[in-house]
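A short write-up of the structure that comes next.
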């Protein structure tokens, strides 16, 4: 009887812990050709928005090797709203390492994965229902940018908050 109660307790704890994790509203990654992000390669992501009252948090996803030569990545992020012909453009700096040189993401061997919040100012307000397109262009001084394996975009709906 005691093992039944312990099993029930363990199952409840697991359910509580996994129930608190934020599931992404949207997430997609693109592989970088030859693991070198060229200016001309601009990954694009299409996101269908149906709730314009919700607040969303955008994230930049990156997978790189330990040999990535910088502690950050400068990018242009382009956002096209449904029905708009003009792209909104925002230059962002995503910090990937601490001042000590320690990578901020999860590492396994030579590979690191990071999910970094993007502050896009007023560029990414989801005020219209429809498909938004977000694309990214690396904007570092070196081209191509070596040791980048994947980049992506993640969008989380902030639960319990509305505009």
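The values are calculated or read from the model by the stated rules, or taken from the named source; none is laboratory data. Since we're looking at a predicted model, the values are computed, not measured. Note that each Cβ is placed from the backbone with ideal geometry, even for glycine, and that neighbours are counted across all protein chains shown.
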Check your understanding: Restricting the search to the range 74-90, which residues are over 26 Å from residue 143 (Cβ atoms) and buried (at least 16 other Cβ atoms within 10 Å of the Cβ)?
Key -> 81
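With the structure loaded, tell me whether residue 19 is crowded, with 16+ Cβ neighbours inside 10 Å, over 20 Å from residue 134 (Cβ atoms) and modelled with pLDDT under 90 or whether it fails that test.
Numbers: crowded, with 16+ Cβ neighbours inside 10 Å: no; over 20 Å from residue 134 (Cβ atoms): yes; modelled with pLDDT under 90: yes.
Taking the combined requirement at face value, the residue does not satisfy it.
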Check your understanding: Could you say which residue among 93, 127 is closer than 19 Å to residue 155 by Cα, within 17 Å of the chain's Cα centre (by Cα) and exposed (fewer than 15 other Cβ atoms within 10 Å of the Cβ)?
Key -> 93
Practice item. Just name the residue that is nearest to the chain's Cα centre (by Cα) out of those in the range 43-73 that are surrounded by fewer than 15 Cβ atoms within 10 Å (Cβ to Cβ) and within 18 Å of residue 141 (Cα to Cα). Key: 72
Study note, to complete from the structure: Among strands (runs of 3 or more DSSP E) completely within the range 65-163, the ones holding 3 or more residues that are without any contact (Cβ under 8 Å) to a residue 40 or more places away in the chain are 88-95
